[in-house]
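Peer 1: This is the structure I want to talk about, given as structure tokens.
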Ligand code: PBG
């Protein structure tokens, strides 16, 4: 045997041997500034309800939301994403409450911006909290979600959010042409600085279940599904096509949703376009990790931070996560 074959030619373990050199060659980092915290907001005062399928997450009224907003600022989390819980009596076929300037979302946005001007506020542009059937758009007599009619409502909704002071409007509805229509509407009303975060690659995923419980749209949606507008989980080229259109239509940031089962999509979008690419670690992902952690089956902190880092490695610039407060706290402790 020659000396040459006795030793590996290259020892990859050399750099892994000590903490100092592991740190020096670390390629990706997770920081509080990568995180966005999604919150569920209720009408009223001093109201708080647990979400059964999302242990640790509550729906809360504005006065209680102030505490979480303040925590975000203290922890260095740049932005909050607001999801409203709308009373059933305010839902109808035409989703009128979606563009009511005195509705829950505009009131919450204005109050948050007044109190915490430096905290970024993101609003969801989609009709599912407001329709009596739980679909993201208006439907015809066969239950088919109408594209262009829906886009007209979304424009109004986005304008109302911008007028209330939203920094970023985030269409998550998957209608065709909505980004361009919203951009035109905002520009016409001089909201040239309001950013658009397009949910460009939003899949028809079963991992949204706990969210639909949280906002109460699972009851309205019933056995309905969103296959005629959200993307087929089997597709990946189609996500690039969606992003290309949203770039053309004037979106500023691009979302992939869900997260961990779609890391390949994050990577392809970042690689192909080099645009600000966000990812949503959705309610079902949160529920899985929490359930395992609460049963003592996984080390919560280690697994959550590993999952979040995987988004960075895949190419994400920012991560919407229900773990934002916990993760930012753990990162401070490190
Ligand atoms: C709907 C919307 C959904 C989520 C955010 N906005 C669910 C859906 O499409 O039914 C899901 C988020 C999550 O699961 O955490 N516009």
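Peer 1: Could you check the spin-label model distance between residue 306 and residue 89? Points 7 Å from the Cα along Cα→Cβ, value in nm.
Peer 2: 5.0 nm
Peer 1: Something else about it: Within a 10 angstrom radius of the beta carbon, how do 217, 5, 132 rank from fewest other beta carbons to most?
Peer 2: Lowest to highest Cβ neighbour count: 5, 132, 217.
Peer 1: A further question on this structure: Provide the FRET efficiency to the nearest 0.05 for the residue 225-residue 102 pair, computing r from the beta carbons and using R0 = 56 Å.
Peer 2: On the way: r = 33 Å, r/R0 = 0.58.
Computed FRET efficiency for residue 225 and residue 102: 0.95.
Peer 1: Please report the base-10 log of the normalised intensity I(q)/I(0) for the stretch 194-239, using a Debye sum with one equal scatterer per alpha carbon and no solvent, at each q in 0.16, 0.17, 0.21, 0.30 (1/Å).
Peer 2: Log10 of I(q)/I(0), two decimals: -0.55, -0.61, -0.83, -1.11.
Peer 1: Would any residue of the stretch 290-334 have its amide N under 18 Å from a label point 7 Å out along Cα→Cβ of residue 23? List them or say none.
Peer 2: Label zone hits: 330-334.
Peer 1: How high is the relative contact order of the chain, in percent, with contacts defined as C-alpha pairs under 8 Å that are six or more residues apart? It would help to have the intermediate numbers written out before the result.
Peer 2: Working: 615 pairs, mean separation 59.9, N = 334.
Here the relative contact order equals 18 percent.
Peer 1: I would also like to ask the following. Pairs of alpha-carbon atoms within less than 8 angstrom and 6+ residues apart define the contacts here; what relative contact order does the stretch 1-151 have, in percent? Mind showing how you got there, number by number?
Peer 2: Details: 195 pairs, mean separation 27.8, N = 151.
Result for the stretch 1-151 is 18 percent.
Peer 1: Using alpha carbons only, how many degrees (0 to 90, rounded to 10) separate the axis of helix 324-333 from the longest principal axis of the chain?
Peer 2: Value to nearest ten degrees: 30.
Peer 1: Under 10 Å, Cα contacts only: if you run a Gaussian network model on the chain, which one of 116, 83, 278 comes out with the highest mean-square fluctuation?
Peer 2: Answer for the Gaussian network model of the chain: 116.
Peer 1: Listing 260, 231 from the residue with the fewest other Cβ atoms within 10 Å to the one with the most, what is the order? Don't jump to the answer; show the numbers that get you there.
Peer 2: Numbers: 260 19, 231 22.
Neighbour counts put them in this order, fewest first: 260, 231.
Peer 1: Give me the angle, in degrees from 0 to 90, between the Cα long axis of helix 178-188 and the longest principal axis of the Cα atoms of the chain, rounded to the nearest 10.
Peer 2: 70 degrees
Peer 1: Neighbour counts of other C-beta atoms within 10 Å: give me 29, 241 arranged from fewest to most.
Peer 2: Values: 29 9, 241 12.
Fewest-to-most Cβ neighbours within 10 Å comes out as 29, 241.
Peer 1: Suppose only helical runs count, i.e. DSSP H with n ≥ 4. What mean residue ellipticity at 222 nm does that imply for the chain under -39500 (n - 2.57) per run, divided by all residues and rounded to the nearest 500 deg cm²/dmol?
Peer 2: Details: 13 runs with 137 residues, N = 334.
Estimated from H runs of four or more residues: -12500 deg cm²/dmol.
Peer 1: Can you run the Rg to Rh ratio on the chain? Use alpha carbon positions and the Kirkwood inverse-distance Rh. The partial results should precede the final answer.
Peer 2: Values: Rg = 21.2 Å, Rh = 20.8 Å.
Taking Rg over the Kirkwood Rh, I get 1.02.
Peer 1: Test of understanding: what is the full-extension gain from residue 163 to residue 288, defined as 0.36 nm times their sequence separation minus their Cα-Cα distance?
Peer 2: Numbers: separation 125, 0.36 × 125 = 45.00 nm, distance 3.75 nm.
Result: 41.3 nm gained on full extension.
Peer 1: Moving on to the next point. Can you give me the angle between helix 283-294 and the longest principal axis of the chain, using Cα atoms only, in degrees from 0 to 90, rounded to the nearest 10?
Peer 2: Helix 283-294 sits at roughly 50 degrees to that axis.
Peer 1: Full-extension gain between residue 10 and residue 144, please, as 0.36 nm times their residue separation minus the C-alpha to C-alpha distance. Don't skip to the end; give the middle numbers.
Peer 2: Values: separation 134, 0.36 × 134 = 48.24 nm, distance 6.02 nm.
Extra length from residue 10 to residue 144 when fully extended: 42.2 nm.
Peer 1: So for the chain: antiparallel DSSP bridges make up what percent, rounded to the nearest 5?
Peer 2: 10 percent
Peer 1: So, one more: Report the full-extension gain for the segment residue 204 to residue 329: residue separation times 0.36 nm, less the Cα-Cα distance, to one decimal in nm.
Peer 2: Working: separation 125, 0.36 × 125 = 45.00 nm, distance 3.21 nm.
In short, 41.8 nm is gained.
Only the coordinates and a few stated rules stand behind these numbers; no lab work does. Keep in mind that this is a model prediction, so the values were computed, not measured. Positions of Cβ are backbone-derived with ideal geometry, glycine not excepted, and every protein chain shown enters the neighbour counts.
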